[in-house]
Number of protein chains: 2
Amino acid sequence: MSLFENKILLPKSELPKFWYNVLPDLPEPMGPYLNADRKPVSPSDLSAIFPQILIEQEVSDQRLHQIPDPVRDALSIWRPTPLVRAKRLENALGVSSRIYFKDESVSPSGSHKSNTAMAQAYFNKEAGITRLTTETGAGQWGTALAIAAKQFGIQARVFMVKISLEQKPYRKILMNFMGAEVLASPSSITEAGRKALKENPEAMGTLGLAISEAVEEAVSRPDTNYVLGSVLNHVILHQTVIGQEVKKQLALIGEKPDYLIACHGGGSNFGGLVAPYVEDILGGKDKITAIAVEPESCPTLTGGKFTYDVGDTAGFTPLMPMYSLGADFQPPAIHAGGLRYHGASPIVSSLLKSKVIEATAVSAADCFKYAQLLYRSELIVPAPESAHALAQTCLTALELEKQGRPGCLVFTLSGHGLLDLAAYQTLQANHSPS
Amino acid sequence: MSLFENKILLPKSELPKFWYNVLPDLPEPMGPYLNADRKPVSPSDLSAIFPQILIEQEVSDQRLHQIPDPVRDALSIWRPTPLVRAKRLENALGVSSRIYFKDESVSPSGSHKSNTAMAQAYFNKEAGITRLTTETGAGQWGTALAIAAKQFGIQARVFMVKISLEQKPYRKILMNFMGAEVLASPSSITEAGRKALKENPEAMGTLGLAISEAVEEAVSRPDTNYVLGSVLNHVILHQTVIGQEVKKQLALIGEKPDYLIACHGGGSNFGGLVAPYVEDILGGKDKITAIAVEPESCPTLTGGKFTYDVGDTAGFTPLMPMYSLGADFQPPAIHAGGLRYHGASPIVSSLLKSKVIEATAVSAADCFKYAQLLYRSELIVPAPESAHALAQTCLTALELEKQGRPGCLVFTLSGHGLLDLAAYQTLQANHSPS
């Protein structure tokens, strides 16, 4: 291994120069996004809220997209991120599998969300946009956007799902500290928000509704664009730095993954890890099992239907081909706010439908149990979202041990949980054996 | 610079093999600790609460103390820590000085406190102790001790200053998650706590009182020892890995420090940085200005008196030769909980009295201002304690710029502020221009 023993580090020069577009690799071409009248969305339909270059990325058939220098400079503040051999976790589990995690928690926002936030802020800045709106669930995306907007000199307004805002007040403080504005969603400043509050003055919000609010405001102001932290193809494109780095890091130590595991909310973390491996999986030379992990309480991929559905509650977004629990699905108030979403990335949905990848759901009790085990062994508190990937990794490693065939498991630690500790307190009350 | 550009990294093999004891370097020998009857404390007086080896370290005249392998293994989980060139901060300030910070925030507890926590937990374990009590102000020390105790299989009970517990609920959750017990101080389970509550049922606690409670419990139980996170000589000894690494890191890039700056609460962070430089300062070959920075609202070094005083409210600790505001000083509820202490490290006090180092106090407004600047430039939120060192560093760099003589400034980022965000919210309300 490297100089830093359990951490496989890459020099700055190994930061990827290109994003990897997986669209050309999909076994079945993705169906077009549709307007409410079921006619395909045209690029100009999207130009009210997105800059031209992101619209092009969304439908591109070109595999490699050069990362602009200013974005690469911004990413290089914290990238390449470490790949960590979790030996103490392996020992605590009593398994002989090799477990690695890609540590995206070292970013300035504490999660992988900064990868696309920097890119989207840059492209919007270049397009002359001075204001960005977005939604945030757990607060990770909002934090990432607040930081990126500031770096590129753009104002940011974040609609934060009300229940998450109440559970995670520190996130709002952090965004404000960076200079961003944070509003609880449903808010009273948009039609969509007012409608939701009229129906239920106590509404605690959903990601779908927060998206509606942010899109509504972006559509109505020419200086303002909307940015999305997951789901869309261009977001996954920007996250492929994760999987590309993992490939290089594993190659450095002569490893190949048997399992690639990531949690799935909107799909960008999972997609970012797995997209660069899709060709390898399809080539079949090395057997790689890629598992998207979701909470039992919001089982989009494992319990939803593959269909055309909108991405938000009010139906402002196009219809997208994806697994969905229905845009009016009200996820329970689980604490992994980033996984409380009715829909899924069209790319991940397509990969699942084509059986290139698998999906599974884990329980809150297992998330808590293995999050605590990670903290007590590796001394890192995972984000509640990341705890889903971790739990599945541990369960798989234990199963492999039982079968006598240990392997190489890689999961993404998509973020740290230091700003989500209230979630663990609640889980501790409900699930702790100790 | 290194492979990692703005980060000067050392390989694991460069983790110091010895702690550096500064006691033999003091220009005036330190006076002995005294009992209440003003007679010198004997080692056996301390053996009710400390293991023999820590008592020996407390009064040692030997410069180098070998770090036991199990402690070195534990430290190597996160050490050596990076020394970071803060170029974006320099640009934001508009100065041509070179500013570096030693990033102790990367430890499992998020602060430098883990350095001594691991050592103290190990030595107590070796001495057959199964339970440790301690106090914590900001919660950083409690977190560090909770982690260290767990690593070495010891139970931990933490008395947390009540006002800090209320301001920082996440810290308690984190300690509980690791398996430690956390009680608000004043508590009703000790004499000292009951006395304080009787005098004032609304008492919000002080570090001095929390120490009394933790010591009282340790004295009364043979299976239990007490551990202190700062002030004492052996604590500073364990923190000298900081300054030793800084020396190596600066040498790697051909730099020498003109200024060494650290915040001062009990003194362990400041002492850990500066102790390995005391010989150089006294040698006078290179002029190095070492500055201990405290809050204006708790000015122990700059407004206190050099005297013999106890370290706690109830007077359980020996009298120590140090600067003090008086053991009954009630510090205002400033948010840098780690700096709310009436006393000071005897070592730092001795260095200040002998004019080997300087001390200064900075305002809460400057701490907030430069903390925000660090976050917006380097994308790191400093602990409120560390913001004091940062603020002084920025003020010094600006002054040097005015004088046309830029230099090399090194400060310790003793911890990150992600678990202290409520502090910044309050400060924002009081001090923010934006």
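Residues checked against (1) modelled with pLDDT under 95; (2) of a type outside the set (Val, Ile, Thr); (3) within 23 Å of B:Ala361 (Cβ to Cβ):
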| residue | (1), (2), (3) |
| --- | --- |
| B:Glu245 | no, yes, no |
| B:Gly266 | yes, yes, yes |
| B:Gly271 | no, yes, yes |
| B:Thr307 | no, no, yes |
| B:Pro331 | yes, yes, yes |
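Among residues of region A:15-44 being under 23 Å from the mean Cα position of the chain (by Cα) and not in a loop (DSSP other than H, G, I, E, B), the one that is surrounded by the fewest Cβ atoms within 10 Å (Cβ to Cβ) is A:Pro24. Screening A:Thr412 against (1) among the β-branched types (Val, Ile, Thr); (2) under 21 Å from B:Leu418 (Cα atoms); (3) within 16 Å of the chain's Cα centre (by Cα) leaves a single unmet condition, (2).
Only a single item in (1) closer than 14 Å to A:Arg88 by Cβ; (2) within 14 Å of another protein chain (Cβ to nearest Cβ); (3) open to solvent by less than 10 Å² (accessible area, probe 1.4 Å) is not met by A:Leu390, and it is number (2).
When region B:111-142 is examined, which residues are found to be at pLDDT 95 or above, small (Gly, Ala, Ser) and within 22 Å of B:Thr240 (Cα to Cα)? Within region B:111-142, B:Ser111, B:Ser114, B:Ala117, B:Ala119, B:Ala121, B:Gly142 qualify. One residue alone among B:Met204, B:Met160 is in contact (Cβ under 8 Å) with a residue 24 or more places away in the chain, buried (at least 24 other Cβ atoms within 10 Å of the Cβ) and closer than 17 Å to B:Gly338 by Cα, and that residue is B:Met160. Here B:Ala336 passes the criteria (1) within 14 Å of chain A (Cβ to nearest Cβ); (2) among the small types (Gly, Ala, Ser); (3) farther than 27 Å from B:Asn21 by Cα; (4) crowded, with 24+ Cβ neighbours inside 10 Å except the one numbered (1).
For region A:310-318, the count of residues that are surrounded by fewer than 24 Cβ atoms within 10 Å (Cβ to Cβ), touching a residue at least 40 places away in the same chain (Cβ under 8 Å) and polar (S, T, N, Q) is zero. Residues that are among the hydrophobic types (A, V, I, L, M, F, W, C) and surrounded by 24 or more Cβ atoms within 10 Å (Cβ to Cβ) were ranked within region A:140-157; the one that is farthest from the other protein chains (Cβ to nearest Cβ) is A:Trp141.
Screening region B:45-72 for residues that are closer than 20 Å to B:His112 by Cα and exposed (fewer than 15 other Cβ atoms within 10 Å of the Cβ) and picking the one that is nearest to the other protein chains (Cβ to nearest Cβ) gives B:Asp69. Put simply, of B:Tyr375, B:Tyr323, B:Tyr341 the only residue that is open to solvent by less than 40 Å² (accessible area, probe 1.4 Å), within 14 Å of another protein chain (Cβ to nearest Cβ) and of a type outside the set (Lys, Arg) is B:Tyr375.
One residue is enough: does region A:121-139 have a residue meeting the conditions within 14 Å of another protein chain (Cβ to nearest Cβ) and within 21 Å of A:Ala48 (Cβ to Cβ)? Looking through region A:121-139, at least one residue is within 14 Å of another protein chain (Cβ to nearest Cβ) and within 21 Å of A:Ala48 (Cβ to Cβ). Among the residues in region B:149-172, are any basic (Lys, Arg), closer than 25 Å to B:Asp223 by Cβ and part of a helix (DSSP H, G or I)? For region B:149-172, residues basic (Lys, Arg), closer than 25 Å to B:Asp223 by Cβ and part of a helix (DSSP H, G or I): present.
May I ask you to verify whether B:Asp286 is assigned to a helix (DSSP H, G or I) and either surrounded by fewer than 24 Cβ atoms within 10 Å (Cβ to Cβ) or modelled with pLDDT under 95 (or both)? When the stated conditions are applied, B:Asp286 does not pass them. Quick check on region B:239-262. Is at least one of its residues open to solvent by less than 10 Å² (accessible area, probe 1.4 Å), in a loop (DSSP other than H, G, I, E, B) and without any contact (Cβ under 8 Å) to a residue 60 or more places away in the chain? The answer is no; no qualifying residue exists.
Scanning region A:350-366 for any residue that is modelled with pLDDT of 95 or more, within 14 Å of chain B (Cβ to nearest Cβ), surrounded by fewer than 24 Cβ atoms within 10 Å (Cβ to Cβ) and under 26 Å from A:Leu421 (Cα atoms) turns up nothing.
For A:Ala146, state whether it is under 30 Å from A:Pro201 (Cβ atoms), out of contact with any Leu (no Cβ under 6 Å at 6 or more places or on another chain) and modelled with pLDDT under 95. Taking the combined requirement at face value, the residue does not satisfy it.
Out of all the residues in region A:384-405, is one or more in contact (Cβ under 8 Å) with a residue 40 or more places away in the chain, assigned to a loop (DSSP other than H, G, I, E, B) and in contact with a helix residue (DSSP H, G or I) (Cβ under 8 Å, 6 or more places away or on another chain)? Taking every residue of region A:384-405 in turn, none turns out to be in contact (Cβ under 8 Å) with a residue 40 or more places away in the chain, assigned to a loop (DSSP other than H, G, I, E, B) and in contact with a helix residue (DSSP H, G or I) (Cβ under 8 Å, 6 or more places away or on another chain). Among the residues of region A:163-190, those identified as touching a residue at least 60 places away in the same chain (Cβ under 8 Å) and either away from chain B (no Cβ under 13 Å) or not charged (D, E, K, R) (or both) are A:Ile163, A:Ser164, A:Gln167, A:Tyr170, A:Leu174. Evaluated against (1) open to solvent by 30 Å² or more (accessible area, probe 1.4 Å); (2) over 26 Å from A:Gly265 (Cα atoms), A:Val95 falls short on exactly one condition, (1).
For B:Gly128, indicate whether it is open to solvent by 20 Å² or more (accessible area, probe 1.4 Å), over 21 Å from B:Ala327 (Cβ atoms) and not acidic (Asp, Glu). Yes, satisfied. Are any of the residues in region A:394-413 open to solvent by 10 Å² or more (accessible area, probe 1.4 Å) and either at pLDDT below 95 or within 14 Å of chain B (Cβ to nearest Cβ) (or both)? Looking for residues that are open to solvent by 10 Å² or more (accessible area, probe 1.4 Å) and either at pLDDT below 95 or within 14 Å of chain B (Cβ to nearest Cβ) (or both), one finds none in region A:394-413, hence no.
The single condition from (1) open to solvent by 10 Å² or more (accessible area, probe 1.4 Å); (2) farther than 30 Å from B:Met175 by Cβ; (3) assigned to a helix (DSSP H, G or I) that A:Ile347 fails is (1).
Has region A:314-323 got any residue that is more than 25 Å from A:Ser111 (Cβ to Cβ), assigned to a strand (DSSP E or B), touching a Phe, Trp or Tyr at 6+ places or on another chain (Cβ under 7 Å) and not small (Gly, Ala, Ser)?
Yes, region A:314-323 contains at least one residue that is more than 25 Å from A:Ser111 (Cβ to Cβ), assigned to a strand (DSSP E or B), touching a Phe, Trp or Tyr at 6+ places or on another chain (Cβ under 7 Å) and not small (Gly, Ala, Ser).
Before we move on, is B:Leu15 closer than 23 Å to A:Asn6 by Cα, out of contact with any Ser or Thr (no Cβ under 7 Å at 6 or more places or on another chain) and within 14 Å of another protein chain (Cβ to nearest Cβ)? So B:Leu15 does not fit the description; no.
The values are calculated or read from the model by the stated rules, or taken from the named source; none is laboratory data. From a predicted model like this one, the values you see are computed outputs, not experimental measurements. As a convention, Cβ positions derive from the backbone with ideal geometry for all residues, glycine included, and neighbour counts pool all protein chains shown. Accessible surface areas use protein heavy atoms only, side chains included; no ligands, DNA or RNA. Shrake-Rupley method; radii C 1.70, N 1.55, O 1.52, S 1.80 Å.
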